[in-house]
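Here's the structure, in structure tokens; my notes come after.
The values are calculated or read from the model by the stated rules, or taken from the named source; none is laboratory data. It should be emphasised that the depicted structure is a prediction, and the values quoted were computed from it without experimental measurement. Please note: Cβ atoms are built from the backbone with ideal geometry, for glycine as well, and neighbour counts cover all protein chains shown.
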Amino acid sequence: MQTIEELERAAYAADNKPLADAYGRIIDLENQCAELRALAREALDFVASAEHADRLQDRLLEIDGR
């Protein structure tokens with residue numbers, strides 16, 4: 001199975017710029033999601049209630065598919 005990066009490069013190689021741009025946007029969105037997940041994990045340090053922190057941690061694990 002090809003990665004999205006490989007699909008993007010293949011689309012550019014096939015001179016299919018709209019498809020390559022779409023793959024590029026998907027890559028950008030995946031990177032933004034990873035950054036947001038990291039920020040959410042950092043925010044756990046600021047949560048006053050351990051109960052809330054546990055719920056946030058559980059939700060992050062669900063989002064990550066673990």
Only residues that are surrounded by fewer than 11 Cβ atoms within 10 Å (Cβ to Cβ) and within 24 Å of Glu8 (Cα to Cα): list them for segment 35-45, please.
Glu35
Testing Tyr12 on (1) hydroxyl-bearing (Ser, Thr, Tyr); (2) exposed (fewer than 12 other Cβ atoms within 10 Å of the Cβ); (3) modelled with pLDDT of 95 or more, one condition comes back false. Which one is that?
(2)
